[in-house]
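Contents: one structure, followed by commentary.
Coordinate-derived values only; no laboratory data. Not measured: the values here are computed from a predicted model. In this analysis, Cβ positions are derived from the backbone assuming ideal geometry, glycine residues included, and neighbour counts consider all displayed protein chains.
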Amino acid sequence: MKVALIQLAYSDDESVADRVTRVAGLVREQRGHDLVVLPELWAAGGFDYRHWAERAETTAGAIAEAMGEAAKDAGVTLLAGSIVETTPDGSGGPEGKNLWNTALLFDPTGGLVRTYRKIHRFGFGAGEPRLMEAGEELVLADLPVAGGDGADGADGADGVDGADGGTTVRAGISTCYDLRFPELYRAQLDRGARLFVIPAAWPRRRVDHWTLLAQARAIENQCVVIACNTAGTHARHEMGGHSQVIGAAGEPLATAGLGEEVLSVDIDLAAIDLWRGQFPVLGDRRMPDHVR
């Protein structure tokens, strides 16, 4: 499986419209990859809270339209990072807000096939918790793999026939701050995930946590972690870069630097099952009834 992580750098000087055009061009350059991943909130600005409401769009808005067209032109599955989502009718969630941090997944025909509303909101009462609703649903997707190089996965989660007769691999989708909550990834594992795909806007001052937590999620779940971060500086926040792909045994397969970069990685999906067979730790999971 060939994956491209577009570690996008941007500043406050670049308009949203120009950034969308530029990013669509970068996606189109990734033809030949199975999956392309963008960072979290790259259009609205991951830390540019004061502009989120005015930059909010529906999942059928201009950003989604541009990303769908780019995915179609490149012939790739695209996890287009996330947008500040609003609803067409203005209806809010349980807290009465009408904004979500929502990841968008497009198939190679340009169709929007999954959305994921970020469950864990960062800000300790400010930022996301103050402005946005929390997501409430786990989201997994069976991603097509060109050339049929998917291997049979646990519980039939991979190696299943895709619409074009190829194979798929099951991926759990999460966003940035979610990475700090291991129970989310356990739940995705139990639903057949073999990959975790994580767009992020993680700041440089905590980038050591970013690296360590991605490795931990890979090791404890014996899953590949595909984590795409933001570069550059916006809203006075320097971003951490260091996008990474971590193998199921916890080994770094590729790591980006601090600047804008496209990280292209070939992932051996069969190695996931090989490692799970060699070191079958998942089969030893136990939990006493009184703490379940």
- Efficiency by 1/(1 + (r/R0)^6): what FRET value for ALA62 and LEU274, r their Cβ-Cβ distance, R0 = 51 Å, to the nearest 0.05? 0.70
- Item | Inter-probe distance in nm under a simple model that places probes 7 Å from Cα toward Cβ, at ASP208 and ARG130 | 2.9 nm
- How many nm is it between the label spots at GLU183 and GLU69, if each spot is 7 Å from the Cα in line with the beta carbon? 4.4 nm
- Message: Working only with C-alpha atoms, what are the Rg and Dmax values of region 38-77, expressed in angstrom?
- Response: 11.7, 35
- Candidates SER91, SER264, SER82, ranked by Gaussian network fluctuation over the chain, Cα under 10 Å, top entry: SER91
- Task: Report the label-to-label distance for THR233 and GLU29 in nanometres (one decimal), using points 7 Å from each Cα along the Cα→Cβ vector.
- Result: 2.4 nm
- Item | Dipole of the chain, positive direction: furthest Cα of HIS242, ALA64, TRP275, with charges on the beta-carbon | HIS242
- Spatially proximal lysines relative to LYS2 (Cα-Cα < 24 Å; intrachain offsets below 8 disregarded): LYS72
- Mind checking which of GLY135, GLY125, GLY241 has the largest fluctuation in a GNM of the chain, springs on alpha carbons under 10 Å? GLY125
- DSSP-loop GluC sites (Glu not before Pro) across region 1-106, with at most 11 other Cβ within 10 angstrom: GLU95
- Query: Taking the chain as a Gaussian network, Cα atoms linked when under 10 Å apart, which of GLY75, GLY61, GLY90 shows the biggest mean-square fluctuation?
  - Reply: GLY90
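Show me the ranking of peptides 189-202, 271-284, 105-118 by mean Cβ neighbours inside 10 Å, starting with the highest. All intermediate terms of the calculation are to be shown ahead of the outcome.
Working: 189-202: 24.7, 271-284: 13.1, 105-118: 18.6.
Packing order, densest peptide first, comes out as 189-202, 105-118, 271-284.
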- Between THR87 and THR21, what FRET efficiency follows from the Cβ-Cβ distance if R0 is 35 Å, with the result rounded to 0.05? 0.85
- Item | Net dipole in debye of the chain [+1 Lys, Arg Cβ; -1 Asp, Glu Cβ; about Cα centre; nearest 20] | 740 debye
